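Reviewing the structure listed below.
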Amino acid sequence: MAIPKRLLGKTGAQVTALGLGGVCWNLLGEDRAAVEVLHRAIDRGITYLDTASSYKESERRLGLALKERDRGKLFIATKCLKRSGDELKGEIEESFARLQLETIDLMQVHAIDQERTLSEVLKPDGALRVIEEYRRAGKIRFVGLTGHTHPEIFAKMIQEYDFDTLLNPLGPINRVWNDFAAPTLAAARARGMGIIAMKVMAAGKAPAEDRSLYLRYALTPPVDVAIIGMDSVDQVEENVRVAENFAPLTHLEEKQVLERVLAFIPTAKKDLWWLPEQRLAS
C-alpha cells in the first residue's frame, strides 16, 4: 500500500494526499525527537512537508532532517508573515538559512484574514513583489495564500492575485461552524489553484475515536493535500495507515461525524481559536 498522490493544482507537482504539518514537532523538547518524526514521515512515503518561519524551531529542525535525506521528490512548503517587501527579505533569507535549501517549493503569504492585509502585500513595495523577485531568480517555485478565520471574504481575495495554492481550515469542524469550502473551493479551482486543508484534527483536539474519520473527511477531493501535525512516530504511523487505505466517507459516516462534531465543539471551543463565537455555517 502507498499513500495516494495527487496533482497540486496548476503547480504540476505530484504530492502525497497526506502532508506533515510543522507545528507539532516544532514544540518537541529535543531536536532529535523532532528529526525522528520527520524521518519516519519521509520513510513512510509522505512527500509534502509543511512549516513556517513563525513556528519557532520548525524550519531549523526540518533543515536538520533534510540535510540527511535525498531531496528527491520531497515538496517543501513554508510560510511568511511580513507584509512589507523590505521586511520580508530578511524573513525569507532566514527561512533559507534554517532550511539549508537553495530552493523552496512553496512560499505562502500567511494568515491573510482581512482584505486590508491582502492590500498591504499587494502594494508596489509589498511582500508579493519580493516573493516574485525570488521566483524569477528560481529560488521560490510557487506562491500560496493562507487564511484561518474569514471565509466570506476569501473568495474575493483569491481573485486579486494569481496564487498557485490555497491553505484553509477544511476539516469537519469548519464544515459545520465556519465553512471555508462553500465560498472558496470552487473559486480556487476555477483559477487552477491547489487546495490544501489544515486544522483537520481541530489543532489536536479531535477525539481519539474520531481521528480516522476526520482525516478521511479531509482527504476527500477536491482537497489535494491534508496537512496533519504529528509529534510522534506513532502518530505518523496512525495517519499513514488511514491515508494508505483511504476511502471516502459514506453518506452515513459523514452524517455521523458531523453530528459528533457539533456535540464536541462546545466542550473544546476555548482551544479552537480560529472559530468565531457564533456559528457561521450549517
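Answer rounded, prolate or oblate for the stretch 107-147, using the Cα gyration tensor with square roots of eigenvalues a ≥ b ≥ c: rounded when a/c is under 1.5, else prolate when a/b is larger than b/c, else oblate.
The shape class here is oblate.
Take the chain, connect every pair of alpha-carbon atoms lying under 10 Å apart with a spring to form a Gaussian network, then pick out the residue of A206, A268, A41 with the largest mean-square fluctuation.
A268
Once you've got the GNM for the chain with C-alpha springs shorter than 10 Å, pick whichever of A197, A13, A226 has the biggest mean-square fluctuation.
In the Gaussian network model the winner is A13.
Under 5 Å between amide H atoms, partner at least 5 residues away or on a different chain: which partners does Y48 have, H built in plane at 1.01 Å?
Those qualifying (amide H under 5 Å, at least 5 residues apart or on another chain) are T16, L20, F75.
For the chain, what is the charge dipole size about the Cα centre, in debye to the nearest 20, if Lys and Arg each add +1 at the Cβ and Asp and Glu each add -1 at the Cβ?
So the dipole magnitude of the chain works out to roughly 400 debye.
Only sites in a loop by DSSP and with at most 11 other Cβ atoms within 10 Å count here; which GluC sites (Glu not before Pro) in the stretch 72-160 make the cut?
Counting only loop positions with at most 11 other Cβ atoms within 10 Å, the GluC sites (Glu not before Pro) in the stretch 72-160 are E102.
Per residue of the stretch 15-20, what does 6.51 cos²θ - 1.76 cosθ + 1.60 with θ = phi - 60° give for ³J(HN,Hα)? Whole Hz please, x for Gly and Pro, Karplus curve as stated.
10, 5, 5, 9, x, 9
Considering every pair of different Cα atoms, what Kirkwood radius, in Å, is found for the stretch 13-271? Kindly include the intermediate steps, with their values, before the conclusion.
On the way: mean 1/r = 0.0538 Å⁻¹.
Answer for the stretch 13-271: a Kirkwood hydrodynamic radius of 18.6 Å.
Post the alpha-carbon centroid distance, the stretch 223-251 to the stretch 145-175, in whole angstrom.
Cα centroid of the stretch 223-251 versus Cα centroid of the stretch 145-175: 22 Å apart.
Using a Gaussian network for the chain with springs between C-alpha atoms less than 10 Å apart, which of these wobbles most: N245, N168, N26?
N245
Return the loop-located GluC sites (Glu not before Pro) in the stretch 190-282 (DSSP other than H, G, I, E, B) with at most 13 other Cβ atoms within 10 Å of their own Cβ; answer none if there are none.
E277
Taking the alpha carbon gyration tensor of the stretch 98-244, what are the square roots of 5 times its eigenvalues, largest first, to the nearest whole Å?
Whole-Å semi-axes of the equivalent ellipsoid: 28, 20, 13.
Would you mind computing, in nm to one decimal, how far apart the modelled labels at L258 and R32 are, each placed 7 Å from Cα along Cα→Cβ?
In this crude label model, L258 to R32 measures out at 4.8 nm.
Only the coordinates and a few stated rules stand behind these numbers; no lab work does. These numbers were taken from a predicted model, which means no experiment stands behind them. Cβ sites come from the backbone with ideal geometry, for glycine too, and all protein chains shown count toward neighbours.
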